[in-house]
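Undergrad: Structure in structure tokens, see below.
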Amino acid sequence: MKRYHSLLVVLHWLLAVMIIGGLIMGGKVLSATPNSVPEKLFYLKMHMTMGSLILALMVFRLLVRVLTAKPSAADIGNAAINKLGVAAHYMLYLLVFLVAGSGLAIAGMTGLWDIVFSQSGAPLPVDFSEYPPRTAHGILTKLLFLLILGHVLAFMYHQFVRKDGLFSRMWFHKRAE
């Protein structure tokens, strides 16, 4: 088998777009919008909905990954780099789960679910940074961004330097048995 299950491929690319969108939304839009601005509720609703959907799809993706056949591990001829690649993939999963978990913790501690989704009229907290999960969320999202950047650079290395076809394992083709 040379390729991942087609459902894993779809989930990979869908989640890639969603995670990058969530990082941009949180890092550029939400952080730049004061809590006193009414549009902040709309942005938070989008961000929280996207984060919850990412979490659900990541759990589903993990289940699909465990339950489906996968190609053999990539081998570039260097055991340390092979192990680093495997570790980076596990770290991507872990960081996405930690980012989602810290986001849920922020929402729980601040009452965001009621404020954002029930439209109760309750005000947003003056400053989210007083809540410890917010600090963790900020650090974790930056680590996730850096790991994604490393993932993209590794793709470029495999695709354009090594030209080893590794990318085809996570692209849309008929699976070879």
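The values are calculated or read from the model by the stated rules, or taken from the named source; none is laboratory data. Since this is a predicted model, take the numbers as computed values, not measurements. As a convention, Cβ positions derive from the backbone with ideal geometry for all residues, glycine included, and neighbour counts pool all protein chains shown.
Undergrad: Looking only at the stretch 1-46, which residues are out of contact with any Pro (no Cβ under 9 Å at 6 or more places or on another chain), assigned to a loop (DSSP other than H, G, I, E, B) and either of a type outside the set (Gly, Ala, Ser) or farther than 24 Å from Gly150 by Cβ (or both)?
TA: If the condition is that a residue be out of contact with any Pro (no Cβ under 9 Å at 6 or more places or on another chain), assigned to a loop (DSSP other than H, G, I, E, B) and either of a type outside the set (Gly, Ala, Ser) or farther than 24 Å from Gly150 by Cβ (or both), then His5, Ala32, Thr33, Pro34, Val37, Pro38 are the ones that fit.
Undergrad: While we're here: Does Ala79 satisfy being among the small types (Gly, Ala, Ser) and either in contact with a Pro (Cβ under 8 Å, 6 or more places away or on another chain) or within 27 Å of Leu57 (Cα to Cα) (or both)? Outline the logic, then answer.
TA: Working: among the small types (Gly, Ala, Ser): yes; either in contact with a Pro (Cβ under 8 Å, 6 or more places away or on another chain) or within 27 Å of Leu57 (Cα to Cα) (or both): no.
The answer is no for Ala79.
Undergrad: Which is in a helix (DSSP H, G or I), in contact with a Leu (Cβ under 7 Å, 6 or more places away or on another chain) and not basic (Lys, Arg), of Leu104, Leu143, Leu153, Leu149? Break it down stepwise before answering.
TA: On the way: Leu104 fails: in contact with a Leu (Cβ under 7 Å, 6 or more places away or on another chain); Leu153 fails: in contact with a Leu (Cβ under 7 Å, 6 or more places away or on another chain); Leu149 fails: in contact with a Leu (Cβ under 7 Å, 6 or more places away or on another chain).
Result: Leu143 is the single residue among Leu104, Leu143, Leu153, Leu149 that is in a helix (DSSP H, G or I), in contact with a Leu (Cβ under 7 Å, 6 or more places away or on another chain) and not basic (Lys, Arg).
Undergrad: If you don't mind, there's one more thing I want to ask. Output the qualifying pairs, or none if there are none: Cβ atoms under 6 angstrom, residues six or more apart or on different chains, first residue in the stretch 118-132 and in contact (Cβ under 8 Å) with a residue 24 or more places away in the chain, second residue in a loop (DSSP other than H, G, I, E, B) and not charged (D, E, K, R).
TA: Leu124/Asn35
Undergrad: State whether one or more residues within the stretch 132-148 are modelled with pLDDT of 95 or more, surrounded by fewer than 11 Cβ atoms within 10 Å (Cβ to Cβ) and closer than 22 Å to Ile76 by Cα.
TA: Within the stretch 132-148, not a single residue is modelled with pLDDT of 95 or more, surrounded by fewer than 11 Cβ atoms within 10 Å (Cβ to Cβ) and closer than 22 Å to Ile76 by Cα.
Undergrad: Do we find a residue being modelled with pLDDT of 95 or more and part of a helix (DSSP H, G or I) anywhere in the stretch 116-129? Full working, then the answer.
TA: Pass one, the stretch 116-129, residues modelled with pLDDT of 95 or more: none.
No, the stretch 116-129 contains no residue that is modelled with pLDDT of 95 or more and part of a helix (DSSP H, G or I).
Undergrad: Now for a different question. Among the residues of the stretch 74-101 satisfying the criterion of being out of contact with any helix residue (DSSP H, G or I) (no Cβ under 7 Å at 6 or more places or on another chain) and part of a loop (DSSP other than H, G, I, E, B), which is modelled with the highest pLDDT?
TA: Checking each candidate, the answer is Asn78.
Undergrad: Let me ask something else about it. If you take the residues in the stretch 54-63 that are loosely packed, with under 15 Cβ neighbours inside 10 Å and touching a residue at least 24 places away in the same chain (Cβ under 8 Å), which one is farthest from Lys142 (Cα to Cα)?
TA: Result: Phe60.
Undergrad: Tell me the residue from Ile76, Ile24, Ile81 that is under 18 Å from Asp164 (Cβ atoms) and without any contact (Cβ under 8 Å) to a residue 12 or more places away in the chain, please.
TA: Ile81
Undergrad: Kindly evaluate Thr49 against the criterion of being free of Cβ contacts under 8 Å to residues at least 24 places away in the same chain, part of a loop (DSSP other than H, G, I, E, B), within 20 Å of Gly138 (Cα to Cα) and of a type in the set (S, T, N, Q).
TA: no
Undergrad: Okay, next question. State the number of residues belonging to the stretch 1-33 that are closer than 18 Å to His137 by Cα and not hydrophobic (A, V, I, L, M, F, W, C).
TA: 7
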